[in-house]
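These notes are about the structure you will find just below.
No value in this document is a laboratory result; all are computed from the given coordinates. As the structure is a computational prediction, the values presented were derived from the model and not from experiment. With ideal geometry, Cβ positions are generated from the backbone for all residues, glycine too; neighbour counts draw on all protein chains shown.
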Ligand SMILES: [Fe+2]
């Protein structure tokens, strides 16, 4: 079980290095009531930037047919299909299904960080919806994530000591990424069961995977890059910046928001 932190001093001490930790509502709580996952799914599936992946054991022809009809079939029906949907450009929805999100989530969160001496290059929300059995790939993000479970239940898995599982150079290159994690000792894993309202801090470039525990699930991750507190970056972001110093031709990749899910 991840530690839960409830004070500013703990947050400022622990944000730089794994393992992941929960954030108590005493420290921060999003003051926003999103529409239901079904309503968001119905709106967001029509947006060009929604990335939809059909999962499950259906034969490829069935998956293709479901993919083709994902935007037109009744939303109650597609919610029963095994799928995952990710959207990395939510401001497109601030005038629609996510009205109020900027004022009620992004402004207070950025203000919270600023008040603690943090600066950043990138701070933007990503949204994930999954159907029954929907799970993520095994990957790491070039981001610090404030993961907010909005609806349904998921378990967010990582390792207690990510350095032992995936060396930072491998996390940078992404060469370890797979559909599922490799065999590992259960004692090395950190499982965070996420129920509605729960918040988790996912550390920069640490390997993780998410499994769905309910038929329909929605989470929003506030994703940060270049996060810095009074001149100090997190350990794995420092390593990434060192890598960029040695490979300046690669640094531009960060502008692509190269998020994997
Ligand atoms: Fe991720």
Quiz item: With all pairs of different alpha carbon atoms counted, what Kirkwood hydrodynamic radius in Å does segment 1-156 show?
Solution: 17.6 Å
Quiz item: FRET efficiency for residue 137 and residue 9, Cβ-Cβ distance as r, R0 = 30 Å, nearest 0.05?
Solution: 0.30
Quiz item: Using r as the Cβ-Cβ distance of residue 112 and residue 186, and R0 as 30 Å, what FRET efficiency do you calculate, to the nearest 0.05?
Solution: 0.30
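Let me have the relative contact order for the chain, percent, based on Cα pairs under 8 Å that are six or more residues apart.
That works out to 27 percent.
Arrange the following residues from fewest to most other Cβ atoms within 10 Å of their Cβ: 66, 154, 12, 3.
Numbers: 66 19, 154 25, 12 16, 3 11.
Ranked by crowding around the Cβ, least crowded first: 3, 12, 66, 154.
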Quiz prompt | Separation between Cα centres of segment 156-172 and segment 213-237, rounded to whole Å | solution = 15 Å
Quiz item: In what sequence do 193, 63 fall when counting other Cβ within 10 Å, fewest first?
Solution: 193, 63
Quiz item: Between the helical axis of 235-246 and the dominant principal axis of the chain, each derived from Cα atoms, what acute angle in degrees is found, rounded to the nearest 10?
Solution: 80 degrees
Quiz item: At residue 94 and residue 64, where each label point lies 7 Å from the Cα along Cα→Cβ, what is the point-to-point distance in nanometres?
Solution: 4.0 nm
Practice problem: Pull out the extension gain between residue 153 and residue 26, defined as 0.36 nm times the separation in residues minus the alpha carbon to alpha carbon distance; nm, one decimal. | Solution: 43.6 nm
Quiz prompt | Tilt relative to the chain, helix 60-69 - C-alpha long axis, 0 to 90 degrees, to 10 | solution = 90 degrees
Quiz item: If each residue's Cβ is checked for other Cβ atoms within 10 Å, how do 218, 68 rank with the fewest at the top?
Solution: 68, 218
Quiz item: What value, in deg cm²/dmol to 500, does the helix sum -39500 (n - 2.57) over DSSP H runs of n ≥ 4 give at 222 nm once divided by the residues of the chain?
Solution: -6000 deg cm²/dmol
Self-check item: For the chain: rounded, prolate or oblate by the Cα gyration tensor [a/c cutoff 1.5]
Solution: prolate
Quiz item: Alpha carbon centre of segment 100-145 versus segment 1-74: separation in Å?
Solution: 10 Å
